[in-house]
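Below: the structure, in structure tokens.
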Amino acid sequence: MAVLILISPKRTFVLPLLLLTAASFLTVPKTATALSTKYYDKTCPSLQSVVRSAMARAVATDPRAGASVLRLFFHDCFVNGCDASVLLDDTSTTSTTGGEKSAGPNANSLRGYEIIDAVKAAVEASCPATVSCADALALAARDAVALLGGPSWTVRLGRADARPGAGQAAANANLPGPGSSLASMVAAFAAKGLSPRDVTALSGAHTVGRARCATFRARVNGGDGNVNATFAAQLARSCPGGGGADGALAAMDAETPDAFDNGYFRALVQRRGLLHSDQELFNGGSQDALVRKYAANGALFFSDFAKAMVRMGNLAPAAGTPLEVRINCRKPN
Ligand code: HEM
């Protein structure tokens, strides 16, 4: 059985079609159906517990798994909406026309694909050919945050999965890099309908996970004014200015690297942000006051983060994008 969905204006019409033959795909215009908390209530009532268990196993094995899945969701949603496009393996065709995994911000950097494979396999075992990879990823990211000690939120469901497309160019264009200025991050988020406050709240995801030396070398080797000197010198030992050690990892929140808390913001106030882009949030600009508030008030950060994740998670593919419910998240049906 295969399912193909055609999205029309604003995300909102979802209409799965059972196909009679695996080779033929049908598309039918849909009537509006918003993302809904009840989307799989009848077709996959065990979905939430299946995803949560799979993520609990992954995080128990390696807490970084939670961070990696959270980042996967960000990199998915910022590129043509939350449509699991980032999970498609590059093929001989897409590597020339735009495989997203090979895009600059993703290649040798984005990780956790096999965790989503395990989540989707568990979902398929309970509810075959029913739940999109995009929805599985949205739930997995939510559960990752909660399992690491962060907030939780309700995920509305009914997303569908992209067919291979021009994701590489869109990823290169839409995802901010570690050298970004505050202004460019604010602009990148505004392009997705997200506010400067959302930039700061969502950057709080860097309270968990690791970054490679290549992404912070300049900052800790004299290339950045706004950095605590002791902190920079410590990091420069394993990430020297002369090059090499590109893959050496450092925690993004050194004090509590695997706990989803507001430690990231306390570090920013001490000028111990790992990335240049992190410290841009507390560098004499418009977000300084909010960073101080989050550093002092973890509950406020949690509440804003959850709301911003819902907004980010509702980013929809463009009208008319052909979509389906993928069985294997790595390849189209
Ligand atoms: C605001 C602009 C952002 C920039 C410039 C940025 C940049 C980066 C960079 C350079 C890394 C390290 C990559 C590497 O080592 O190869 C990273 C890691 C990470 N990012 Fe972001 N990021 C941003 C926003 C976000 C958002 C919105 C989220 C999620 C909501 C997020 C979640 C993460 C996580 C969890 C990691 C660690 C992943 C792991 O350990 O596998 N980031 N980010």
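The values are calculated or read from the model by the stated rules, or taken from the named source; none is laboratory data. Model, not experiment: these values are computed from the prediction. Reconstructed Cβ throughout: ideal geometry from the backbone, glycine too, with neighbour counts over all protein chains shown. Each accessible area value is taken on the protein alone, full model and side chains, heavy atoms only, with ligands, DNA and RNA left out. Shrake-Rupley method; radii C 1.70, N 1.55, O 1.52, S 1.80 Å.
Past the 24 angstrom mark, what percentage of all C-alpha to C-alpha distances in region 193-311 do you count? Beyond 24 Å sits 24 percent of the P(r) for region 193-311. Take 274-284, 157-167, 230-240 and order them by the average number of nearby Cβ atoms within 10 Å per residue, most first; the result is 157-167, 274-284, 230-240.
Potential lengthening of the chain between R237 and S109 amounts to 43.9 nm, from the contour at 0.36 nm per residue minus the alpha-carbon distance. Surface composition of the chain: carbon plus sulfur atoms hold 57% of the accessible area, using a 1.4 angstrom probe and ignoring ligands, DNA and RNA.
Return a single number: how many Lys pairs in the chain, at a sequence separation of 8 or more or on separate chains, have alpha-carbon atoms below 18 angstrom apart.
Details: K10/K30; K10/K192; K101/K331; K120/K331; K192/K307; K293/K307.
Count of close lysine pairs: 6.
For the chain, what does the equivalent ellipsoid look like in terms of its semi-axes, each the square root of 5 times an eigenvalue of the Cα gyration tensor, given largest first in whole Å?
Equivalent ellipsoid semi-axes, largest first: 35, 20, 18 Å.
A Förster radius of 25 Å, combined with the Cβ-Cβ distance separating C127 from T61, puts the computed FRET efficiency at roughly 0.55. Think of it as helices only: each DSSP H run of n ≥ 4 in the chain is worth -39500 (n - 2.57), and spread over all residues that comes to -12500 deg cm²/dmol at 222 nm. Could you please state, rounded to a whole Å, how far the C-alpha centre of region 177-194 is from the C-alpha centre of region 127-143? A separation of 27 Å, based on Cα centres.
Which of the peptides 191-199, 70-78 is most tightly packed, and how do the rest follow, judged by the mean count of other Cβ atoms within 10 Å per residue?
Answer by packing, highest mean first, reads 70-78, 191-199.
Placing +1 on the Cβ of every Lys and Arg and -1 on the Cβ of every Asp and Glu, with nothing else charged, gives the chain a dipole about its Cα centre of roughly 380 debye. Taking all protein chains into account, the per residue accessible area for the chain stands at 40 Å² (1.4 Å probe).
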